[in-house]
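Participant: A single structure is presented below for examination.
The values are calculated or read from the model by the stated rules, or taken from the named source; none is laboratory data. Being a predicted model, the structure only gives us computed values, none of them experimental. Cβ atoms come from the backbone with ideal geometry, glycine included; neighbour counts cover every protein chain shown.
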Amino acid sequence: MTIQEEIRKLKEDKQAVILAHYYVRPEVQEIADYIGDSFYLSKVAEKLENPVIVYCGVSFMGESGYLLCPDKKVLMPDMTADCPMAHMVLKEEVEAARKKFDDLAVVCYINSTAEIKSWCDVSVTSANAVKIVKNLPNKNILFVPDKNLGRYVAAQVPEKNVMLVKGYCPIHENVQAEEIKALKEAHPAAEILVHPECCEEVTGMADYLGSTSGIIDYATASEKTEFIIGTEIGVRYELEKRNPDKKFYFPATEPVCQDMKLITLEKVLHVLKNEENQAFVTGENAVAARKTLDRMLELAK
Ligand code: 13P
Ligand code: SF4
């Protein structure tokens, strides 16, 4: 039996389901039942009836999966796969802002630990952040931890006072404006599609700004045939699968999230077989963090 056949058999025997983010390796995306951006995967996880979920992504995704389905076994192929940005805000920063503004809403990007979520009022993803912030009754918003996504949201919601902290995604922050410019010079007809986690100079050059799903859907619907992509290289698999006749150019310094790449077929097979690496969030944090996800799902409707 091939490793793929073994995984499929175990999946069937255990009524398990595999969720995968677009940044994991192509062969892992290929074996998944659901592939998507963080928002899509949260919506799917909440509705699943399978007793076992293998979550191919980084630890905040597993935690969110567990919080949304605490009665299921949420298995992480690699427990060390973590998102550095998910830790980039201090409790003191949140507390100081709460002291200063009576009507403050603390909005956390879903790329945050369950502990950070527990200090906040609502979670958002890159696909729904603008809509949710716009619809909050509060004028004063503290957006954590991603300063880049926060800056993008602030620009779309000028009627609010959106405050930022200093967190960032090292992979998107490292997308170089010079490299995007060079690609545009080489391919002048190409449209530039960028994730809002990129720095201001890069987002300023974009024809379209959006989540990984947003970028894939935009390129698929567009009549253009060439695109310069400012996000992690993993999206190439779905972009090319859906658009075999279109061309996609990535920056010369390829944006690679090493944590997402830790997820391999061997590790998927191992956790399915042994039911190891269960995601857990315990204590008061779990209740408060879950509320931020429920509020997100409610406000994003
Ligand atoms: P989305 O897929 O929600 O756009 O998120 C990007 C990301 O960096 C996930 O870690
Ligand atoms: Fe975190 Fe960036 Fe990797 Fe996404 S791409 S998991 S934001 S480090």
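Participant: Among the candidates L193, L293, which residue alone is outside any loop (DSSP other than H, G, I, E, B) and away from ligand 1 (no atom under 13 Å from the Cβ)? I'd like the intermediate steps shown before the answer.
Facilitator: On the way: L193 fails: away from ligand 1 (no atom under 13 Å from the Cβ).
So the residue among L193, L293 that is outside any loop (DSSP other than H, G, I, E, B) and away from ligand 1 (no atom under 13 Å from the Cβ) is L293.
Participant: Sticking with this one: Looking only at the range 33-47, count every residue that is crowded, with 19+ Cβ neighbours inside 10 Å, at pLDDT 95 or above and in a loop (DSSP other than H, G, I, E, B) and tell me the total.
Facilitator: So the count comes out to 0.
Participant: Scan the range 59-88 for residues that are within 16 Å of ligand 1 (Cβ to nearest atom), of a type outside the set (G, A, S) and farther than 18 Å from Y40 by Cβ and report the count. Please lay out each step first, then the result.
Facilitator: Applying the first criterion (within 16 Å of ligand 1 (Cβ to nearest atom)) to the range 59-88 yields 59-65, 68, 76-78, 80-88.
Restricting the remaining residues to those that are of a type outside the set (G, A, S) gives 60-61, 63, 68, 76-78, 80, 82-85, 87-88.
The next check asks that each one be farther than 18 Å from Y40 by Cβ; those that pass are 76-78, 80, 82, 84-85, 87-88.
Here the count works out to 9.
Yes/no per residue for (1) touching a Cys at 6+ places or on another chain (Cβ under 8 Å); (2) closer than 13 Å to L293 by Cα; (3) acidic (D, E):
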| site | (1), (2), (3) |
| --- | --- |
| C108 | yes, yes, no |
| T113 | no, yes, no |
| I116 | yes, yes, no |
| D121 | no, yes, yes |
| K134 | no, no, no |
| N140 | no, no, no |
| K147 | no, no, no |
| R151 | no, no, no |
| C169 | yes, no, no |
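Participant: Could I ask something else about it? Mind checking which residues of the range 161-181 are more than 11 Å from P251 (Cβ to Cβ) and more than 10 Å from ligand 2 (Cβ to nearest atom)?
Facilitator: N161, V162, M163, L164, V165, K166
Participant: Right, here's the next one. Is it true that some residue in the range 77-86 is within 30 Å of E226 (Cα to Cα) and touching a Phe, Trp or Tyr at 6+ places or on another chain (Cβ under 9 Å)?
Facilitator: Within the range 77-86, the first condition is being within 30 Å of E226 (Cα to Cα), and the residues that meet it are none.
No - not one qualifying residue is present in the range 77-86.
Participant: If I ask for residues that are of a type in the set (A, V, I, L, M) and either more than 16 Å from ligand 1 (Cβ to nearest atom) or more than 15 Å from N111 (Cβ to Cβ) (or both), which ones from the range 161-186 would you list?
Facilitator: At the first step, the residues of the range 161-186 found to be of a type in the set (A, V, I, L, M) are 162-165, 171, 175, 177, 180, 182-183, 186.
Selection gives V162, M163, L164, V165, V175, A177, I180, A182, L183, A186.
Participant: Can you tell me which residue is nearest to C83 (Cα to Cα) among those in the range 159-186 that are part of a helix (DSSP H, G or I) and among the charged types (D, E, K, R)? Working first, answer last.
Facilitator: Of the residues in the range 159-186, the ones part of a helix (DSSP H, G or I) are 170-173, 177-186.
In the following step, the residues that additionally are among the charged types (D, E, K, R) were identified as 173, 178-179, 181, 184-185.
Working: E173: 14, E178: 26, E179: 24, K181: 28, K184: 30, E185: 33 Å.
Selected residue: E173.
Participant: Can you tell me which residue in the range 48-99 is farthest from A20 (Cα to Cα), limited to those that are within 16 Å of ligand 2 (Cβ to nearest atom), in a loop (DSSP other than H, G, I, E, B) and charged (D, E, K, R)? Before the answer, list the steps.
Facilitator: Residues of the range 48-99 that are within 16 Å of ligand 2 (Cβ to nearest atom), as a first pass: 55-65, 76-89.
So of that shortlist, the ones also in a loop (DSSP other than H, G, I, E, B) come out as 57-58, 76-83, 88-89.
Among the residues that remain, those that are also charged (D, E, K, R) are: 78, 82.
Details: D78: 13, D82: 15 Å.
Residue satisfying both the conditions and the ranking: D82.
Participant: Hey, another quick one. Being surrounded by 19 or more Cβ atoms within 10 Å (Cβ to Cβ), of a type outside the set (A, V, I, L, M) and more than 13 Å from the chain's Cα centre (by Cα) is the filter here; which residues of the range 74-92 pass it?
Facilitator: If we filter the range 74-92 for residues that are surrounded by 19 or more Cβ atoms within 10 Å (Cβ to Cβ), which is where we start, we get 74-78, 81, 83, 85-86, 88-89.
Subsequent filtering for residues that are of a type outside the set (A, V, I, L, M) retains 77-78, 83.
Answer for the range 74-92, where residues must be surrounded by 19 or more Cβ atoms within 10 Å (Cβ to Cβ), of a type outside the set (A, V, I, L, M) and more than 13 Å from the chain's Cα centre (by Cα): P77, D78.
Participant: Continuing with the same structure: Taking the range 222-238, which residues are within 16 Å of ligand 2 (Cβ to nearest atom) and either of a type outside the set (D, E) or without any contact (Cβ under 8 Å) to a residue 24 or more places away in the chain (or both)?
Facilitator: In the first step, residues of the range 222-238 are kept if they are within 16 Å of ligand 2 (Cβ to nearest atom); the result is 229-238.
If the condition is that a residue be within 16 Å of ligand 2 (Cβ to nearest atom) and either of a type outside the set (D, E) or without any contact (Cβ under 8 Å) to a residue 24 or more places away in the chain (or both), then I229, G230, T231, I233, G234, V235, R236, Y237 are the ones that fit.
Participant: Look at A252 and say whether it is away from ligand 1 (no atom under 16 Å from the Cβ), farther than 27 Å from G65 by Cα, surrounded by fewer than 20 Cβ atoms within 10 Å (Cβ to Cβ) and of a type in the set (G, A, S). Walk me through it before giving the result.
Facilitator: Numbers: away from ligand 1 (no atom under 16 Å from the Cβ): yes; farther than 27 Å from G65 by Cα: yes; surrounded by fewer than 20 Cβ atoms within 10 Å (Cβ to Cβ): yes; of a type in the set (G, A, S): yes.
Considered against the rule, which asks whether it is away from ligand 1 (no atom under 16 Å from the Cβ), farther than 27 Å from G65 by Cα, surrounded by fewer than 20 Cβ atoms within 10 Å (Cβ to Cβ) and of a type in the set (G, A, S), A252 comes out as yes.
Participant: Conditions first: (1) under 24 Å from P51 (Cβ atoms); (2) within 19 Å of the chain's Cα centre (by Cα); (3) of a type in the set (S, T, Y). T282 passes all but one, so which condition is the exception?
Facilitator: Checking T282 against (1) under 24 Å from P51 (Cβ atoms); (2) within 19 Å of the chain's Cα centre (by Cα); (3) of a type in the set (S, T, Y), the one that fails is (2).
Participant: I need a count of the residues in the range 256-274 that are buried (at least 18 other Cβ atoms within 10 Å of the Cβ) and more than 16 Å from ligand 2 (Cβ to nearest atom).
Facilitator: Going through the range 256-274 one residue at a time, the tally reaches 6.
Participant: So, one more: Taking the range 28-58 on its own, how many of its residues are in contact (Cβ under 8 Å) with a residue 40 or more places away in the chain, farther than 20 Å from R236 by Cα and either touching a Cys at 6+ places or on another chain (Cβ under 9 Å) or near ligand 1 (Cβ under 10 Å from one of its atoms) (or both)?
Facilitator: So the count comes out to 2.
Participant: So which residues in the range 144-158 are under 14 Å from K131 (Cβ atoms) and outside any helix (DSSP H, G or I)? Steps first, please.
Facilitator: So in the range 144-158, the residues under 14 Å from K131 (Cβ atoms) come out as 149, 152-153, 156-157.
The one that is under 14 Å from K131 (Cβ atoms) and outside any helix (DSSP H, G or I): V157.
Participant: I'm trying to understand the selection: among the residues of the range 100-123, which are of a type in the set (V, I, T) and either away from ligand 2 (no atom under 15 Å from the Cβ) or part of a helix (DSSP H, G or I) (or both)?
Facilitator: Going through the range 100-123, the residues of a type in the set (V, I, T) turn out to be 106-107, 110, 113, 116, 122.
Of everything in the range 100-123, those that are of a type in the set (V, I, T) and either away from ligand 2 (no atom under 15 Å from the Cβ) or part of a helix (DSSP H, G or I) (or both) turn out to be V106, V107, I116, V122.
Participant: In the list L209, L293, L297, which residue meets the criterion of being under 26 Å from P145 (Cβ atoms) and surrounded by fewer than 18 Cβ atoms within 10 Å (Cβ to Cβ)?
Facilitator: L297
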